[in-house]
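Before any comments, here is the structure.
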Amino acid sequence: MNHDHSHALFTRAQSLLPGGVNSPVRAFKSVGGEPFFVERADGPYLFDVDGNRYIDYVGSWGPMVVGHNHPQVREAVRLAIDNGLSFGTPTPAEVTMAETITRLVPSCEMVRMVNSGTEATLSAIRLARGATGRNRIVKFEGCYHGHGDSFLVKAGSGMLTLGVPTSPGVPAGLSELTLTLSYNDFDAASRLFEEAGDDIAALIIEPVVGNANCLPPREGYLQHLRQLCTQYGALLIFDEVMTGFRVALGGAQARYGVTPDLTTFGKIIGGGMPVGAYGGRRDLMQQIAPAGPIYQAGTLSGNPVAMAAGLAMLELVQAPGFHDRLEAASNTLCDGLQAAAAEAGVALTTTRVGGMFGLFFTDQQVDTYAQAVACDTAAFNRFFHAMLERGVYLAPSAFEAGFMSSAHDAAVIEQTIAIAREAFAVVAKG
Ligand code: PMP
């Protein structure tokens, strides 16, 4: 594969953009090498500036659940653009969007549109703090909720030791209010709430973790967290930025039958445009300005073009059987990859939840962050590059979920598995 044009662009970009990119993971730091620059995308494919084609399992990090450049989404955007790009006033589409989200995700009795997942999560914890009058929040090791100050925090050594900032620029006084738990550890959550439950405003979780590879919840785990939050008067926030409308039409909360107090969304509800939202119980959402005193605002929030794209996308995912087909595609891919790895003598474990999947280079079952971190990342990095050279793009990090789309048909998946056979042979050679 030739990458001359990408290389030239990356060289220019590095003197102009920090690390040559506008979001860190794009820089290929954890897998090594240089990113490719994309010119266009269609269905399951990305096309780079050197004319190379890739089968894409990143899908713009989640939103492209119906494939790239879907004609219905494109047409909706085109029609919206004809009317102008932004008005800074209420528009009809945002009401339809709110009706759609509240219908598909009943725990959201009201919603507020924002412009990214980061805005959604930081607004949700402000609401939780304002509504409960408490300051502490609980998050999970390996979960990512955007780059808000309160989320860039790692646990101190003991469970109740103060959170330590993981980025310069985050004041210690703020990160100390973030407590961190191990995902899927029932007892740790119980102990934390016993010790500090009365001070906790909210517990925020990716109900299926998509930012530490892909970790599904253990049976009853989300119910356990729900029970603890209810008992101690803390709010349960599901960050469904990845899982929303992807692991089931009603998101992870529908799939696992657990009702959070607040939910954050992004990705799919923008259809590829920069959009997020948060929603939840009416009595909580009524406390947001201007209905209530907790302030949150946005000049471009509810943007008519973004709403049009998101509404078109949400219509497509409501097709009967959509999520069953998506899950079947994830299963076919993961079963095929496991068989191909076994043939090559490479240890591989996979997880799949609807349109999300995880590839772990280990022979162990994986459902905790510690297990995910213990996998063979060097093997993943070799696999990543062997796949990329052969025209398959996986997320450029061993700690990101894979994303399936309805445009990945049987032939595309079969081709992916055939390419993976060669890539696993490369990994096996070491
Ligand atoms: N929450 C989760 C679960 C995410 O995966 C992400 C981003 N991948 C975010 C929040 C932040 O979203 P954004 O990048 O749109 O700010």
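Each reported figure results from applying straightforward, stated rules to the coordinates on display, with no laboratory input. Please read all numbers here as calculations on a predicted model, not as lab measurements. For neighbour counting, all protein chains shown are included, and Cβ atoms are generated from backbone atoms with ideal geometry for every residue, glycine included.
Classify the range 133-256 as rounded, prolate or oblate, taking a ≥ b ≥ c as the square roots of the eigenvalues of its Cα gyration tensor: rounded when a/c is under 1.5, otherwise prolate if a/b is larger than b/c and oblate if not.
Here the range 133-256 falls in the oblate category.
When the helix-only estimate is applied to the chain (DSSP H runs of n ≥ 4, each -39,500 (n - 2.57), divided by the residue count), what is the mean residue ellipticity at 222 nm, nearest 500 deg cm²/dmol?
-12000 deg cm²/dmol
Give the residue from Gly43, Gly279, Asn213 lying farthest towards the positive end of the charge dipole for the chain; charges sit on Cβ (+1 for Lys and Arg, -1 for Asp and Glu) and the dipole is referred to the Cα centre.
Sorting the options by dipole projection puts first Gly279.
Please enumerate, by chain and number, the aspartates and glutamates with C-alpha under 12 Å from the C-alpha of Lys154, excluding those fewer than 8 residues away in the same chain.
The reachable aspartates and glutamates, counting only those whose Cα sits under 12 Å from Lys154, are Glu141, Glu176.
Listing Val66, Val111, Val241 from the residue with the fewest other Cβ atoms within 10 Å to the one with the most, what is the order?
Lowest to highest Cβ neighbour count: Val111, Val66, Val241.
For Ala201, what is the net charge nearby, where nearby means another residue's Cβ is under 10 Å from its Cβ and Lys, Arg count +1, Asp, Glu -1?
Net charge around Ala201: +3.
Along the positive direction of the dipole of the range 71-318 (beta-carbon charges: Lys, Arg +1; Asp, Glu -1; about the Cα centre), which of Ile200, Ala308, Thr166 reaches farthest?
Ala308
Placing unit charges on C-beta atoms (Lys and Arg positive, Asp and Glu negative, everything else neutral), compute the dipole magnitude of the range 71-318 about its Cα centre in debye, rounded to 20.
Computed charge dipole of the range 71-318: roughly 240 debye.
Which GluC sites (Glu not before Pro) in the range 78-123 sit in a loop by DSSP (not H, G, I, E or B) and have at most 16 other Cβ atoms within 10 Å of their own Cβ?
Glu109
Output the antiparallel fraction of DSSP beta bridges having both residues in the range 71-318, as a percent to the nearest 5.
Taking every DSSP beta bridge within the range 71-318, about 45 percent pair in antiparallel fashion.
Could you let me know the centre-to-centre spacing of the range 36-50 and the range 366-401, using Cα atoms, in angstrom?
21
Note down the magnitude of the dipole of the chain about its Cα centre, charges +1 on Lys and Arg C-beta and -1 on Asp and Glu C-beta and zero elsewhere, to the nearest 20 debye.
Approximately 500 debye in magnitude.
When only C-alpha pairs under 8 Å and at least 6 residues apart count, what is the relative contact order of the chain, in percent?
21
Report, for the chain, the % of DSSP beta bridges that are antiparallel, rounded to 5.
DSSP beta bridges in the chain are roughly 60 percent antiparallel.
Under 1.5 on a/c is rounded, so check that first for the chain, then, if it is not, pick prolate when a/b is larger than b/c and oblate when it is not; a ≥ b ≥ c are the square roots of the alpha carbon gyration tensor eigenvalues.
Oblate, because a/c is 1.5 or more while a/b does not exceed b/c.
Comparing Ala291, Ala328, Ala398, which has the greatest mean-square fluctuation in the GNM of the chain with Cα pairs linked when under 10 Å apart?
Most flexible of the set in this elastic network: Ala291.
Which of the lysines could be linked to Lys267 by a straight reach, that is with a Cα gap under 22 Å, when you skip same-chain ones fewer than 8 residues away?
Answer for Lys267, where 22 Å is the Cα cut-off: Lys139, listed by chain and number.
In which sequence would Tyr45, Tyr295, Tyr256 go, from the one with the fewest C-beta neighbours within 10 Å to the one with the most?
Going from least to most buried by this count: Tyr295, Tyr45, Tyr256.
Can you tally the net charge around Lys267? Count Lys and Arg as +1, Asp and Glu as -1, for every other residue whose Cβ sits under 10 Å from the Cβ of Lys267.
0
By counting other Cβ atoms within 10 Å of each Cβ, how are Met110, Met387 ranked from fewest to most?
Arranged by neighbour count, lowest to highest, Met110, Met387 become Met110, Met387.
Looking at the range 71-318, I'd like the Rg to Rh ratio, where Rg is from alpha-carbon atoms and Rh is Kirkwood's inverse mean 1/r.
Taking Rg over the Kirkwood Rh, I get 0.98.
Would you please put 68-81, 208-221 in order of how densely packed they are, using the mean number of other Cβ atoms within 10 angstrom per residue and starting with the highest?
208-221, 68-81
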